[in-house]
Each structure stands twice: as C-alpha cells, then as structure tokens.
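Written out below as structure tokens is the structure these notes cover.
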Amino acid sequence: MNVALRQHVVLPLILLTAALLGGLRFALPDLEMRFVAPPLTTLLLGSLLVVLYARSGLLNISRDWLGVERTTLENASNGLTLAALFIATIQIFNAVLPEDTLFFSLFAVGFGLVFWNNLFVPVRPDRLVKSLAGLLLAAFVAKYVFLASLFAPGDSITRSVLQSLVRGVTLGTVQGVAYAPATGYTAFLGFALYLCGLWLASPPRDPDADRLYDLLASSDRLSQRDRARLLAAFRGETVDAALVESDEEHST
Amino acid sequence: MEAVAPRSVAVIQAIGIAATLVYGVAIAWVYVTQPRTIAELKNAAAVQANVYTVDDARFALGLKAFRDRQYRIAINQFAAADPANRDPKTQFLIASSHYALGKGRVYDDDDEFAAALVAVDRCLQATPNGSYTIDDASLGLEYTSAEALRERLRQGLEVTPGDFNPFASGTGAAP
C-alpha cells in the first residue's frame, strides 16, 4: 500500500514540483515571477541522461515500470511517472545551466561529454546518482553563487573590476543576467526534490549485486586463485577442478 | 494476460494518474500564461475556472469618481476592480476616462488616447461577439459604443492637417 502510494502519487508529484521550480526565476527589483521555458539543448541533455539511467539500471523499464504483465492502470500511471521524470530532468538542466551564452555552452558541452563517457562504462545506479548530484551541485554553485554574485547589481569596486576582467577575457561576450536571490533558493529546492525523486525511483539495493559489481570492477585486486574460482563459477565448472588447473598453470 | 491488481492499489493508481495529469496541466498552463505575481496567478486561475468577478466595491468607487469627473481616481479604482482586464464594462469605462482626460479643444493627448485605445481593445476582446455598447445613459458619455470610441481614438492618434488648425476642435462627431 505504502509502496503503491509512493510510486503512483508521491513520486510523480515530487518530480512535477521539481519541474515547476526548475524554470522559475524571480526578477529584480519587484520579485516578479518569470517562468523560463527550457532551451532545446536541455532536451538533448535530458534525453541523454534518461538513456544513461536506463543503461545503468537505475530505470529498468521492463522489470519495474512497463509491460504486458501489468494492468493498464499501472502502465498508464508508470508511464506518466516516467514522463514526469523526463520533464523534471529537462527542467533541472534549465535551472542549473547559466543563461549567459558563453557559460551555457561551456556547461552544456561539459555535461554532454560526461554523460557520453558514462554511456560506455559500467556504472552502479547509486553511484550514478551520487556523481550526478555532485555534477549538478557544481553547476548550481557556479551559476547561483559565483556568477550571480559577480553580476549582482551594486556599486562594489571589487565586483566592477571582476566584471570588467571577465568581460575583457571573454571579449565582451559575457552578459550576466541578474535575478533575485530567491531564484537560487527555489532552484535548490527543485534540485533537492529531483534527487529525492531519483532516490524514490531507483530500485532497492541488492548487497550481493553490489559486491559482485565491486569484485568485477576491481578484478586486478583478486588473487590468481580467487580469479580462477570466480571464472569457474561463471563457467559452471566445479571450483576444485578450476583450482587444480590454476595451480598447474602457476607451476609451469 | 493482464494481472489483476488489488482494489486499493488500483484506486491509488487512479488517484495518481488524475493528480499527475491535473498538476502537469496546471504547470504547463502557468508556463504558457506567465503570471508575474501570485495575485495575477490567482486572477488568471479564476478566469480559467470561470469564477472571476469584478470587485463591486472598487467598481462603485470608480463609478462615483467617474461621475465626479475625477478620471485619474476612476481609472485607478476601475483597474483595481478588474485586475485581470476581463470585464468589458470596466474596460470601457477605463477607456472613456482616458478619453476624457486626453480630449482637448486644440489638440488630443496622444498618451491618454493610446492608453484608451489599449483599454477599448481589451473591452472588445472580452466580449464574445467583439462588440460592446454601454446602456447607462446617466453617465452622460460622448461615445456609448466601444467601436465608435475606438474609431475616434484612432483618428485622434493620426496626424492630419486638422491637427495644425488652432480653431478646430480635436473631437470628431459623436454618433
């Protein structure tokens, strides 16, 4: 009952709230709301990330979400939840990517390369979430702490010097967009909700599977004997025969 | 072959689908309508739900100011009475107030006429058939039809040789 409530009601609502907050900005000086639609690049990054979720096992569509063995209602509900996850993913990029063209391009290319690289390496779902959280947090800090303070309106001499320096280095291509600090708070809330949503959507941890992953990921740390035993187990042979064979190979 | 879910789980799934759809549509609507403040959001939601009404007390204050020829006060009160700009009568009276302020014997004030034109356009947009006539003779309005007022405002905003004639009145013939 609780699991159903979590998966079919709480999870999509959390993800949709993250999606709502992802594009929300507060303009200075009157704190007027602006709902910024996601740029096309965030759609591409979102698609890449969802593929990465599926590849890492964070989203096992056929096992946990959709299939003919499920009821129509369950398929519809899970389908909507997956759609909400996709929209929230897009909006989180909308929230953390800087709006200035130069920094936006740099961050978008950075994200794209990291995701592309992760597509070709085995990665555990929980570690993917942790690394993604770190990546998004770094982008958040760059946008809402560094760039926001750099381009905040005011008459600080240090800030003016830094602004001139950044504009000079980038040949004047950097034009900071100043939003009220409330934007950062709502973006952080959206970011936190998105991570909560990912945690709720992820499959339960299996200690054996984690141990196996660790063993295979660091097979060079296994002794010759353990490696032979492991391979024998995979091949379906008896472990004793494999050990004898391994010892013979070792002696020759 | 579909599995048969327990009734309680099916109910939760149905609630989840309904809640997700409603919330998702509401979020999409917010992004499309782009409200700037919470008050604007509430007004837009009320209009969408067809429960929007003009603030009667503010409207009455505006009407009183209009009758007393205190047009600036009338405009402020009418604007506060109809924050969503959806009531044709209120918008027509705002346009009439701007017109009264802008109409001159020698020349018309373009800023007031432009504001009046915006208001009269909102009035016509808010009506289902794109036409509006006020039926309150006690207001003593020069123009009772929104279309006629709009035409007069357009003429007032155009630069014609008559604008340079110091003896001609800025007003056209009222219907």
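The values are calculated or read from the model by the stated rules, or taken from the named source; none is laboratory data. For clarity, every value in this text was computed on a predicted model and none was experimentally measured. Positions of Cβ are generated from backbone atoms using ideal geometry, with glycine treated the same way; all protein chains shown enter the neighbour counts.
Got at least one residue in region A:39-49 being within 11 Å of chain B (Cβ to nearest Cβ) and aliphatic (A, V, I, L, M)? No, the conditions are met nowhere in region A:39-49.
For region A:134-168, enumerate the residues that are more than 17 Å from residue A:190 (Cα to Cα), part of a helix (DSSP H, G or I) and within 29 Å of the chain's Cα centre (by Cα). Selection gives A:146, A:147, A:148, A:149, A:150. Of all residues in region B:79-101, those satisfying the criterion of being under 14 Å from residue B:115 (Cα atoms) and among the hydrophobic types (A, V, I, L, M, F, W, C) are B:79, B:92, B:93, B:94, B:95, B:100, B:101.
Could you check, for region A:215-234, whether at least one of its residues is closer than 15 Å to residue A:22 by Cα and in contact with a Lys or Arg (Cβ under 7 Å, 6 or more places away or on another chain)?
The answer is no, given that none of the residues of region A:215-234 is closer than 15 Å to residue A:22 by Cα and in contact with a Lys or Arg (Cβ under 7 Å, 6 or more places away or on another chain).
I'd like the residue in region A:38-50 that is among the aliphatic types (A, V, I, L, M) and under 15 Å from residue A:104 (Cα atoms) and, out of all such residues, is nearest to the chain's Cα centre (by Cα). Looking at residues that are among the aliphatic types (A, V, I, L, M) and under 15 Å from residue A:104 (Cα atoms), I get A:45. Pull up region A:76-108, narrow it to residues that are over 22 Å from residue A:184 (Cβ atoms) and in contact (Cβ under 8 Å) with a residue 60 or more places away in the chain, then point me to the one that is farthest from the chain's Cα centre (by Cα). So, considering only residues that are over 22 Å from residue A:184 (Cβ atoms) and in contact (Cβ under 8 Å) with a residue 60 or more places away in the chain, the one farthest from the chain's Cα centre (by Cα) is A:77. Screening residue A:122 against (1) within 11 Å of chain B (Cβ to nearest Cβ); (2) over 17 Å from residue A:191 (Cα atoms) leaves a single unmet condition, (1). Among the conditions (1) away from chain B (no Cβ under 14 Å); (2) under 22 Å from residue A:40 (Cα atoms), the only one that residue A:86 does not satisfy is (1).
When A:73, A:16 are checked against the criterion of being under 22 Å from the mean Cα position of the chain (by Cα), on the phi < 0 side of the Ramachandran plot, at the interface with another protein chain (Cβ under 9 Å from one of its Cβ atoms) and buried (at least 16 other Cβ atoms within 10 Å of the Cβ), A:16 stands alone in meeting it. When residues in region B:47-72 are screened for being at pLDDT 90 or above and either among the small types (Gly, Ala, Ser) or not in a helix (DSSP H, G or I) (or both), 9 of them pass.
Take the residues in region B:17-58 that are small (Gly, Ala, Ser) and closer than 30 Å to residue A:39 by Cβ; name whichever of them is farthest from the other protein chains (Cβ to nearest Cβ).
Among residues in region B:17-58 that are small (Gly, Ala, Ser) and closer than 30 Å to residue A:39 by Cβ, the one farthest from the other protein chains (Cβ to nearest Cβ) is B:45.
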